[in-house]
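Visitor: Structure below; questions to follow.
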Amino acid sequence: MRYSQLIGKTKKDIQKDEVGISAQYLIRGGFIHKELAGVYTLLPLGLKVVNKITQIIREEINAIDAQELSMTAIQNPDPWKKSGRWDDNVVDIWFKTLLKNGSEVGLATTHEEPLTKLLSQQVNSYKDLPLYVYQFQTKFRNEPRPRSGLLRAREFIMKDLYSFNTNKESHEEYYERAKQAYIKIWERLGIGKHTYLTFASGGTFSKYSHEFQTLCENGEDTIYVDKKKKIAVNKEVFNDEVLKELNLNKKEMEEEKAIEVGNIFPLGTKYSQALGLMFTDETGGKKPVVMGSYGIGIGRVMATIVELIHDDKGIIWPENVSPCKVHLIGLNLDDEDVNKRAEEVYSRLKGKKIDVLFDDRKEATPGEKFADADLIGITYRAVVSSKTREDIEIKRRDQEKVSLVPLEDFIGNLLK
């Protein structure tokens, strides 16, 4: 990928209406483009990051036996009316519209109801269960005050996983597997040591649900953390009774601001009963399926990584989600020999299937190129210039050390 041809160039100006550091850096770095409040286009670099986050999540969710599908964004009101969630007094963030024939439809905020309806046509016996189904799908929520860029948007990609079990015990076993899968996801995304399993209200479904909260001074949630036990409690349920039940000492809890990057909910039989998702058990009796819901907002995770891992120059992407492996910078490209060498390095990296962004601009100054590299935040910066000769100058974005190394050694290290 050549920078001269890239859709989404860096910007110097900070948009005054974007107060979050992640929104500022993602827009200035050419990762996203703001269409309107709470609605953003993913530009090529942004899509690369999203795809890497998505693949990490996919691998861990596949590992806990879930099947991937893709459901529709346009929603039939019928299943939502049966559950009671079509009513704007119950869910007040719907986007609704009329078809040409006068029928009303909505844009999905989540997918419990349509998936439950779908599986009611697939599940008959206990032999058909358990089932675990997930998707990466665009959701729409008519947020009255979208803010902080991708952290609270009106249109966003969600990984939503749903579990369907015959009883509470088998549901709880899977719930624990999902919990552990989430912990692995945060580790692979580079935010594991800052992300805490957080007890929150279970609403009408259970005493507790669980959030995964990443500590961040710009977070909109307040949690109380026991860092030794790696457990947190959301402010909404933080009281002596809860602390006693969880065997937590109030004196050891620290108040922190945090961003919710994921959540998991036991749903019980609310939706299965409302939508007729029943199964015949071993005795021939009819029972409702026990359900769970497990969500991760992909854009929110990307923004959280930026909020957490940056400096005053720009983003510092963890290697697993960096949009490219290498940001190749050519200096002194008016020199024919240097330009030829830079092109050779670019071709060599691509030939080894190493994802590279090549800053091939001849009109940009070295200072501009280095500043753009710091802002974009790709893991490795590699420089070819009149001074490097047959070697290349290497620097990791998260380190100050600069090294001059042979190209083949650098490629060998990248391929390990």
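Visitor: Out of the stretch 342-363, which residues are part of a loop (DSSP other than H, G, I, E, B) and either over 26 Å from LYS52 (Cβ atoms) or of a type in the set (A, V, I, L, M, F, W, C) (or both)?
Guide: If the condition is that a residue be part of a loop (DSSP other than H, G, I, E, B) and either over 26 Å from LYS52 (Cβ atoms) or of a type in the set (A, V, I, L, M, F, W, C) (or both), then ILE354, LYS362, GLU363 are the ones that fit.
Visitor: Take GLU217 and tell me if it is over 26 Å from the mean Cα position of the chain (by Cα) and not polar (S, T, N, Q).
Guide: Criteria not met by GLU217.
Visitor: Do any strands (runs of 3 or more DSSP E) entirely within the stretch 189-240 hold 1 or more residues that are within 13 Å of PHE265 (Cβ to Cβ) and among the aromatic types (Phe, Trp, Tyr), and if so, which?
Guide: Qualifying strands (runs of 3 or more DSSP E): 195-201, 208-215.
Visitor: Would you mention how many residues in the stretch 157-184 are outside any helix (DSSP H, G or I), farther than 24 Å from THR109 by Cα and in contact with a Pro (Cβ under 9 Å, 6 or more places away or on another chain)?
Guide: 1
Visitor: Right, here's the next one. Taking SER70 and the conditions (1) of a type outside the set (Lys, Arg); (2) loosely packed, with under 13 Cβ neighbours inside 10 Å; (3) part of a strand (DSSP E or B), which numbered condition does it fall short on, given that it satisfies the others?
Guide: Condition not satisfied by SER70: (3).
Visitor: Just give me the residues in the stretch 81-105 being surrounded by fewer than 19 Cβ atoms within 10 Å (Cβ to Cβ) and in contact with a strand residue (DSSP E or B) (Cβ under 7 Å, 6 or more places away or on another chain), in sequence order.
Guide: Selection gives PHE95, LYS96, THR97, LEU98, LEU99, GLU104, VAL105.
Visitor: Looking at LYS52, LYS48, LYS100, which one is free of Cβ contacts under 8 Å to residues at least 24 places away in the same chain and either of a type outside the set (Val, Ile, Thr) or in a helix (DSSP H, G or I) (or both)?
Guide: Just a single option satisfies the conditions, and that option is LYS100.
Visitor: Let me ask another. Of (1) among the charged types (D, E, K, R); (2) within 24 Å of SER209 (Cα to Cα); (3) in contact (Cβ under 8 Å) with a residue 40 or more places away in the chain, GLU236 satisfies all except one. Which?
Guide: For GLU236, the exception is condition (3).
Visitor: May I ask you to verify whether ASN62 is of a type in the set (S, T, N, Q), surrounded by fewer than 18 Cβ atoms within 10 Å (Cβ to Cβ) and closer than 27 Å to ALA23 by Cα?
Guide: No, not satisfied.
Visitor: Hey, another quick one. Would you check which residues across the stretch 25-45 are surrounded by fewer than 19 Cβ atoms within 10 Å (Cβ to Cβ) and either assigned to a loop (DSSP other than H, G, I, E, B) or not acidic (Asp, Glu) (or both) and list them?
Guide: If the condition is that a residue be surrounded by fewer than 19 Cβ atoms within 10 Å (Cβ to Cβ) and either assigned to a loop (DSSP other than H, G, I, E, B) or not acidic (Asp, Glu) (or both), then HIS33, LYS34, LEU36, ALA37, VAL39, THR41, PRO44 are the ones that fit.
Read the figures in this text as sums done on the coordinates, not as results from a lab. Model, not experiment: these values are computed from the prediction. When we count neighbours, we look across all protein chains shown, and the Cβ atoms used for this are built from the backbone with ideal geometry, even at glycine.
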